[in-house]
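The structure appears below as structure tokens.
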Amino acid sequence: MKNVFLLISFLILSVSSVAQAAGGPAIELEKANNNLRDQDSLQRGAVLFSNYCMACHSVKYMRYNRIARDVGWSDDEVVAKMAYNQAKVVDDVQTRMLPGVAMDILGTEPPDLSLMARLKGPDYIYTFLRAYHLDENGNWDNSALKGTSMPNVLEGMQRHYAPEDYEQAARDITNFLEYAGEPGKLERFDLGWKVIAFLLVLLLLTYLLKREYWRDIKH
Ligand code: HEC
């Protein structure tokens with residue numbers, strides 16, 4: 001019996017230490033406070049994403065025409081604003097980086113960001129974008145992903161924008177990436193309320209029916 005206890009506690013301990021080793025980022029995450037219902041923010045985020053991120057990253061599970069429909073643009077607007085008219089509306093959102101170049105200059109492939117917000121959460125992306133700082137040797141480092149090979153792409157903004165505008169830009173990009181991670185999220189939320197309302201009505205009806213059935217029976 002004692003052995004069994006020992007074995008169980010050993011298993012629990014090892015599982016929790018593995019979970020810790022797999023660990024999240026080294027720093028506490030800031031709340032992104034982004035809002036998927038804010039279409040202006042999504043539009044700004046899409047344009048910022050195109051200007052600041054698509055040089056290296058794709059969101060290849062999104063098509064331009066789907067983005068247009070969801071953020072409130074026409075088909076022409078989306079390719080003008082996000083692809084400088086160099087893509088068709090039915091294309092998926094590919095990076096402008098030519099294959100192999102990233103390996104040469106950055107030493108790694110920038111990941112596709114379609115599901116990054118699902119994987120790491122919007123708060124992580126918001127924190128990561130703003131976690132660049134100069135280390136003691138005067139090189140950029142990121143406290144959310146130490147030693148990252150991604151440069152501080154928002155450096156110009158960080159230097160020249162008012163802090164709240166820089167924060168808002170990071171929030172808009174995060175908003176766009178959360179949207180891209182699950183374009184149907186709002187529909188799912190809205191449907192959820194309808195389903196719960198339907199179930200409540202059904203509950204009421206079944207309760208009334210039950211009362212009706214048992215009315216004449218003494219119990
Ligand atoms: C110059 C190329 C380049 C640009 C531009 C760029 N990135 Fe990256 N990004 C990378 C590389 C390379 C990695 C992989 C970093 C690593 O593993 O160290 C990366 C990784 C990431 C990650 C994953 C971080 C993690 O924890 O694994 C996110 C999120 C990200 N980038 C977001 C963005 C956003 C948002 C923008 C635009 C504001 C952007 N990147 C612009 C090169 C770039």
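The values are calculated or read from the model by the stated rules, or taken from the named source; none is laboratory data. Being a predicted model, the structure only gives us computed values, none of them experimental. No Cβ is skipped: glycine too gets one built from the backbone with ideal geometry, and neighbour counts run over all protein chains shown. The accessibility values were calculated without ligands, DNA or RNA, using every heavy atom of the protein model including side chains. Shrake-Rupley method; radii C 1.70, N 1.55, O 1.52, S 1.80 Å.
Restricting segment 126-181 to GluC sites (Glu not before Pro) that sit in a DSSP loop and have at most 11 other Cβ atoms within 10 Å of their own Cβ leaves Glu136.
Using the rule -39500 (n - 2.57) for each DSSP H run of four or more residues, divided by the residues of the chain, the 222 nm mean residue ellipticity is -18000 deg cm²/dmol. Once you divide the Cα radius of gyration of segment 30-187 by 2.2 N^0.38 Å, the number left is 1.02.
Taking all protein chains together and a 1.4 Å probe, the residues Arg215, Arg44 rank Arg215, Arg44 from largest to smallest accessible area.
Take each peptide in 117-123, 26-32, count the other Cβ atoms within 10 Å of every residue, and average; sorted highest first, the result is 117-123, 26-32. Taking Thr95, Thr174, Thr206 and ordering them by how much accessible surface each has at a 1.4 Å probe, largest first, produces Thr206, Thr95, Thr174.
Relative contact order of segment 30-187, taken over Cα pairs closer than 8 Å and 6 or more residues apart, is 35 percent. Model label sites at Asn35 and Arg188, defined 7 Å from Cα along the beta-carbon direction, differ in position by 2.2 nm. Principal-axis analysis of the Cα atoms of the chain puts helix 39-52 at an angle of about 40° to the longest axis.
What the Cβ-Cβ distance of Asp165 and Ser143 gives, at R0 = 22 Å and to the nearest 0.05, is a FRET efficiency of 0.50. How high is the FRET efficiency from Ile27 to Leu106, r the C-beta distance, R0 25 Å, rounded to 0.05? Given R0 = 25 Å and the Cβ-Cβ separation, E is 0.65. Ranked by the mean number of other Cβ atoms within 10 Å of their residues, highest first, the peptides 36-42, 106-112 fall in the order 36-42, 106-112. The count of lysine pairs in the chain that are at least 8 places apart or cross chains, and whose C-alpha atoms lie under 23 Å apart, stands at 11. Surface composition of the chain: carbon plus sulfur atoms hold 60% of the accessible area, using a 1.4 angstrom probe and ignoring ligands, DNA and RNA.
Taking 37 °C and 0.692 mPa s as conditions, segment 35-128 diffuses translationally at an estimated 235 µm²/s according to Stokes-Einstein applied to its Kirkwood radius (Cα pairs). One compactness figure for segment 22-73 is 1.41, namely its Cα radius of gyration divided by 2.2 N^0.38 Å. The label point for Asp76 and the one for Lys88, both projected 7 Å from the Cα toward the Cβ, are 1.9 nm apart.
Here the simple spin-label model places points 7 Å from the Cα toward Cβ, and for Val201 and Trp214 these points are separated by 2.5 nm.
Round to a whole angstrom and tell me the spacing of the C-alpha centers of segment 106-151 and segment 68-82. The two parts, judged by their Cα centres, are 28 Å apart. Going by accessible surface with a 1.4 Å probe and the largest first, Tyr207, Tyr61, Tyr52 read Tyr61, Tyr207, Tyr52.
Summing charges over all other residues whose Cβ lies under 12 Å from the Cβ of Glu167, with Lys and Arg as +1 and Asp and Glu as -1, gives -1. For the chain, the per residue solvent-accessible surface stands at 66 Å², with DNA, RNA and ligands left out and a 1.4 Å probe.
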